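The values are calculated or read from the model by the stated rules, or taken from the named source; none is laboratory data. The structure displayed is predicted, hence computed values, not measured ones. Because the Cβ atoms are built from the backbone with ideal geometry, glycine has one as well, and the counts that use them run over all protein chains shown. For accessibility, only protein heavy atoms count, side chains too; no ligands or nucleic acids. Shrake-Rupley method; radii C 1.70, N 1.55, O 1.52, S 1.80 Å.
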Amino acid sequence: MSVAVETVGLTKRYGDLVAVQGLNLRLNTGEVFGMLGPNGSGKTTTILMLLGLTEPTAGTARVLGWDPTRQPLQVKRRVGYLPDSVGFYDELTAWENLRYTAALNGLPSAEANRRIGEVLERMGLQDVAHRKVGTFSRGMKQRLGLADVLLKQPQVAILDEPTLGLDPEAALEFLALIRSLKRDGLTVLLASHLLHQVQSVCDRVGLFHRGRMVLEGTVDELREQVLGGAYRIHVQARGVEVERALREVPGVVRVTRTDGDTYRVEARVDCRAEIARRVVASGELLALSVDRPGLDEVYARYFQQVEADSGGAA
Amino acid sequence: MSTELAQSGAQALARREGSPWTGLWAVVYKELADHLTGIRMQILETLMLLTAVGTVYAATQSIRQTIGEDPFLFLRLFTTAREPLPSFVGFLGFLIPLTAIALGFDAINGEYSRRTLSRVLSQPIYRDALILGKFLAGLATLAITLVALWVVVTGMGLFVLGLPPGGEEVARGLLFLVATLAYAGIWMGLSMLFSAVFRQPATSAMTAIAVWLLFAVFWDMLAALISQALRPTQYGGVAEELAQARLQLLLARFSPNTLYAETVIALLNPAVRSLGPVLITQLEGAVLGTPLPLGQSLLIVWPQFTALVAVVILLFAATYVLFQRQEVRA
């Protein structure tokens with residue numbers, strides 16, 4: 001599997017402020033990678049360094065084999081970027097805005113017109129192609145932004161907070177568009193702080209905190225790593241021995257009694273069948289359900305642990 | 001610290017690849033189209049056209065009445081004032097800075113406030129192309145406007161006076177055009193510089209207008225005050241007065257308005273022989289009132305003209321450096 005984006009020890013400092021610290025990032029060709037973390041955790045700075053729009057203080061980056069600091073034109077020819085709350089020239093139409101992008105990419109006129117028609121149609125904007133962008137809603141501007149990215153037929157698409165400010169329906173639509181990019185074979189780098197929204201489209205994610213990528217892996221791996229169990233099973237049962245019986249089930253990591261008859265079981269595997277068997281043997285099973293915690297919880301739990309550790313040390 | 005220095009040194013040595021002017025013409029065309037179709041420029045151009053027609057018409061009326069035989073009748077079209085209207089160049093002196101400031105004041109901070117900068121710079125171009133493209137498009141807009149005005153004035157002259165302009169008059173008129181373009185370039189360069197310094201387009205516009213007011217209204221007063229304070233005429237001697245006048249002129253020439261006014265006077269009035277104080281002894285053998293050849297007039301204003309162009313280049317260079325060092329994120 002070839003590597004689309006790779007950074008080694010990438011660091012950016014603004015005076016005393018460390019924006020990005022020793023980032024080692026690796027994106028395989030064709031995957032959707034989510035850079036997740038709160039605002040100010042270094043996501044956008046990383047993106048700007050990958051595009052050669054800001055110079056790293058230390059470390060190196062390679063995008064499709066090119067060095068963004070020294071060969072930014074080569075990188076930018078092949079990488080599409082949708083900035084955080086993208087802006088357009090309001091007094092120009094959607095078509096004219098894309099014409100400018102096409103001209104900056106050096107596309108010949110006929111080719112540009114063909115591609116603009118294609119991307120506008122794909123984004124469902126063909127009916128408003130000749131309306132001024134000033135009249136567009138946030139969701140339409142965001143789709144126009146994606147059209148702008150696709151216009152240059154990039155190999156890598158970098159999307160910064162693509163669903164921010166969209167209503168839930170528009171956000172879902174937009175996520176579906178992002179999935180369609182993956183089907184086209186694009187490598188997608190997604191930055192967002194809306195963890196629950198983007199976890200569904202990412203093959204792998206990296207959690208960012210204060211300029212460092214603190215966790216990396218698939219969503220399942222992170223659940224396993226941070227929450228100990230990737231499965232959370234709710235059990236309602238009567239009986240004295242139930243709690244001990246639950247603890248003895250293979251694969252169970254933690255059992256907590258939430259109130260009266262209900263227990264929360266964290267497990268590495270889906271062991272509902274075994275739980276049911278054992279609870280029935282030792283008492284009375286009233287209810288059994290499973291849920292899978294989202295990334296929000298992974299993130300929150302991780303930093304609870306980190307802060308608890310540092311608090312204990314101090 | 002030393003490793004950091006070594007690294008930044010290594011980065012400075014490593015050259016970036018690809019032409020800095022990639023995409024330059026795309027930027028120029030886009031900006032030029034914006035300027036020429038924008039309502040802002042249309043208003044100013046209409047205003048300029050109306051003043052041109054008005055002042056030149058008034059000038060033709062008074063030329064027909066007063067001056068019957070002038071070898072440079074055509075140049076009078078530019079400079080003749082008739083109450084209550086000022087001359088065409090007088091009006092231009094006001095309208096050109098205004099137009100030039102309107103072209104540049106939101107060049108850079110406008111891209112930030114519309115949030116288009118990072119999207120545009122993520123296309124395969126360098127920042128060099130963006131800033132130079134904007135500057136060239138502004139200059140081209142000014143040039144188009146000025147040439148149009150010049151043609152209108154000349155056309156009206158032909159029509160009303162019924163005289164074709166002579167070769168030297170055309171040459172002087174064209175040089176006047178170039179000098180006006182340089183003067184306009186200064187105000188556009190200044191407003192673009194402010195658009196890189198200030199985050200708000202309103203702030204950069206107001207600052208540019210304030211600087212223009214300073215030079216247009218207060219600078220000459222300041223020059224007079226300072227020269228009187230530094231070189232007082234205590235005994236009333238010629239040497240003292242000359243020293244004061246020279247200092248005042250020197251100070252006045254820090255203003256682009258003075259430089260432009262001097263250039264225009266010498267170019268459009270061939271009888272002008274000197275732009276500074278002249279002693280009687282220096283006029284020995286001169287036939288007063290006779291026109292100078294074009295080459296000699298050009299020689300008189302060459303320093304002023306060079307200074308105008310140099311200021312444009314300096315302002316652009318400052319904007320360029322500032323913009324290159326700015327973060328893409330606001």
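From a point 7 Å beyond the Cα of B:ILE39 in the direction of its Cβ, which residues of the stretch B:72-110 have a backbone N at a distance under 20 Å?
What the label zone holds, given the 20 Å backbone N cut-off, is B:99-107, B:110.
When the dipole is taken about the Cα centre of the protein assembly as shown, and only Lys, Arg (+1) and Asp, Glu (-1) are charged at their Cβ, what size is it in debye, to the nearest 20?
Approximately 720 debye in magnitude.
Could you tell me how many degrees, from 0 to 90 and to the nearest 10, lie between the Cα long axis of helix B:294-325 and the main elongation axis, the longest principal axis, of the Cα atoms of chain B?
That helix lies at roughly 20 degrees to the long axis.
Once R0 is set to 25 Å, what does the formula 1/(1 + (r/R0)^6) return for the Cβ-Cβ distance between A:ALA281 and A:ASP220, expressed as a FRET efficiency to the nearest 0.05?
Numbers: r = 30 Å, r/R0 = 1.22.
The computed FRET efficiency comes out at 0.25.
Determine the order of B:THR55, A:THR60, A:THR262 by accessible area, beginning with the largest, at a probe radius of 1.4 Å.
Numbers: B:THR55 5, A:THR60 80, A:THR262 35 Å².
Descending order: A:THR60, A:THR262, B:THR55.
For a quick protection proxy, order the peptides A:302-308, A:21-27, B:292-298 by their average other-Cβ count within 10 Å, most packed first. Let's see the in-between values first.
Working: A:302-308: 12.6, A:21-27: 18.1, B:292-298: 14.6.
Going from most to least packed, we get A:21-27, B:292-298, A:302-308.
Can you list the residues of the stretch B:27-63 with backbone N under 20 Å from a point 7 Å past the Cα of B:ALA271, pointing along Cα to Cβ?
Those under the cut-off are B:59-63.
Counting partner chain Cβ atoms within 10 Å of every residue's Cβ in A:144-151, what's the average? Mind showing how you got there, number by number?
Working: counts 0, 1, 0, 0, 3, 2, 0, 1.
The mean count of partner-chain Cβ atoms within 10 Å per residue comes to 1.
Just checking the output field for A:67-77: average partner chain Cβ neighbours within 10 Å of each residue's Cβ? Provide the component values of the computation, followed by the final result.
Working: counts 3, 0, 3, 6, 3, 8, 11, 3, 2, 8, 4.
Averaged over the peptide's residues, the number is 5.
With a point put 7 Å past each Cα toward its Cβ, work out how far A:GLU55 is from B:ARG115 in nm, to one decimal.
2.9
How long is the gain from B:TYR57 to B:PHE218 if the chain were fully straight, where each residue apart is worth 0.36 nm and the alpha carbon distance is subtracted?
The B:TYR57-B:PHE218 span can extend by a further 54.9 nm.
I'd like the mean, over residues of B:120-131, of how many other protein chain beta carbons sit within 10 Å of each residue's own Cβ.
Across the residues of B:120-131, the mean count of other-chain Cβ atoms within 10 Å is 6.
Can you give me the C-alpha center-to-center distance between the stretch A:178-202 and the stretch B:70-105, rounded to a whole angstrom?
The stretch A:178-202 and the stretch B:70-105 have Cα centres spaced 60 Å from each other.
Per-residue counts of other Cβ atoms within 10 Å, averaged by peptide: what ranking do you get for B:156-163, A:81-88, highest first?
Highest mean packing first, the order is A:81-88, B:156-163.
In the full protein assembly as shown, how much of B:ILE313 is accessible to a 1.4 Å probe, in Å² to the nearest 10?
100
So for the stretch B:21-324, considering every pair of alpha-carbon atoms, how many percent are separated by more than 35 Å? If you can, show how the numbers build up before the last one.
Working: 12834 of 46056 pairs.
The answer is 28 percent, as a whole percent.
Please give the FRET efficiency for A:LEU194 paired with A:ASP127, using the beta carbon to beta carbon distance and R0 = 30 Å, rounded to the nearest 0.05.
For R0 = 30 Å, the calculated efficiency reads 0.55.
How much accessible surface area, in Å² rounded to 10, belongs to the heavy atoms of A:GLU173 with a 1.4 Å probe?
It works out to around 100 Å².
Could you tell me the convex hull volume per residue, in Å³, taken over the Cα atoms of the protein assembly as shown? It would help to have the intermediate numbers written out before the result.
Numbers: hull volume 156.3 nm³, N = 644.
Given the Cα convex hull of the protein assembly as shown, per-residue volume reads 243 Å³.
Under 8 Å for C-alpha pairs, at least 6 residues apart: give me the relative contact order for the stretch B:21-324, rounded to a whole percent.
22
Once the Cα atoms of helix A:295-313 and of chain A are each reduced to a long axis, what angle between those two axes, in degrees from 0 to 90 to the nearest 10, is obtained?
The helix A:295-313 is inclined about 70 degrees to chain A.
Accessible area of B:VAL152, 1.4 Å probe, to the nearest 10 Å²?
Rounded to the nearest 10, the figure is 40 Å².
Got a sec? What order do B:TRP21, A:TRP95 fall in by accessible area at 1.4 Å, biggest, i.e. largest, first?
B:TRP21, A:TRP95
Given 10 °C and 1.306 mPa s, compute D for chain A with the Stokes-Einstein relation, Rh being the Kirkwood radius over Cα pairs; round to the nearest whole µm²/s.
Rounded, D is 73 µm²/s.
Label A:VAL253 and A:ARG26 with points 7 Å out from Cα along Cα→Cβ: what is the distance between them in nm?
According to this spin-label approximation, the distance is 2.4 nm.
Multiply the residue gap between A:HIS234 and A:ASN39 by 0.36 nm, knock off their C-alpha separation, and tell me the result in nm, one decimal place. Show your work: numbers first, answer last.
Details: separation 195, 0.36 × 195 = 70.20 nm, distance 3.36 nm.
The span from A:HIS234 to A:ASN39 would gain 66.8 nm if fully extended.
How tilted is helix B:127-161 with respect to the longest principal axis of chain B? Cα atoms for both, answer in degrees (0 to 90, nearest 10).
That works out to roughly 20 degrees.
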